[in-house]
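The values are calculated or read from the model by the stated rules, or taken from the named source; none is laboratory data. It should be emphasised that the depicted structure is a prediction, and the values quoted were computed from it without experimental measurement. Using ideal geometry, Cβ is built from the backbone for each residue, glycine included, and neighbour counts are taken over all protein chains shown. With ligands, DNA and RNA removed, areas are computed over all heavy atoms of the protein, side chains included. Shrake-Rupley method; radii C 1.70, N 1.55, O 1.52, S 1.80 Å.
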Amino acid sequence: MTPLGKSRRPLLHNHLRAPVSNTVAYATRTLADGRLLHRWTIHDVPQMFPEPEMPAMETVVQRLLLSTAPDWPALS
């Protein structure tokens, strides 16, 4: 059993792909029980309009990638 406040799967990596300037703010703080609270605030992101023959939307828009895995070998 994991003690209160100790995560078995802490957030190890976060990466903003295809960032749009000044649209994402990140903050973290420690809660009273010792856990970490991560907060991303998004504002004023321009609308994306699809175009003919463009790649899949999820490969070109701003997106946040998170992982609790320490590295690639841990996943494979």
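Being modelled with pLDDT under 90, open to solvent by 60 Å² or more (accessible area, probe 1.4 Å) and in a loop (DSSP other than H, G, I, E, B) is a property that does not hold for Pro46.
Among the residues of the stretch 27-60, count how many are among the small types (Gly, Ala, Ser) and touching a residue at least 24 places away in the same chain (Cβ under 8 Å). Summing the residues that are among the small types (Gly, Ala, Ser) and touching a residue at least 24 places away in the same chain (Cβ under 8 Å) in the stretch 27-60 gives 1. Filter the stretch 1-14 for residues that are open to solvent by 100 Å² or more (accessible area, probe 1.4 Å) and not charged (D, E, K, R); which is modelled with the highest pLDDT? That would be Leu4.
Results for (1) β-branched (Val, Ile, Thr); (2) in contact (Cβ under 8 Å) with a residue 12 or more places away in the chain; (3) surrounded by 11 or more Cβ atoms within 10 Å (Cβ to Cβ), shown as yes or no for each residue.
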{"residue": "Val20", "(1), (2), (3)": "yes, yes, yes"}
{"residue": "Ala25", "(1), (2), (3)": "no, yes, no"}
{"residue": "Leu64", "(1), (2), (3)": "no, yes, yes"}
{"residue": "Asp71", "(1), (2), (3)": "no, no, no"}
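Taking the stretch 30-43, which residues are modelled with pLDDT of 95 or more, closer than 17 Å to Leu11 by Cβ and open to solvent by 90 Å² or more (accessible area, probe 1.4 Å)? Result: Arg39, single match. Residues that are open to solvent by 80 Å² or more (accessible area, probe 1.4 Å) and in a helix (DSSP H, G or I) within the stretch 49-62 comprise Met57, Glu58, listed in sequence order.
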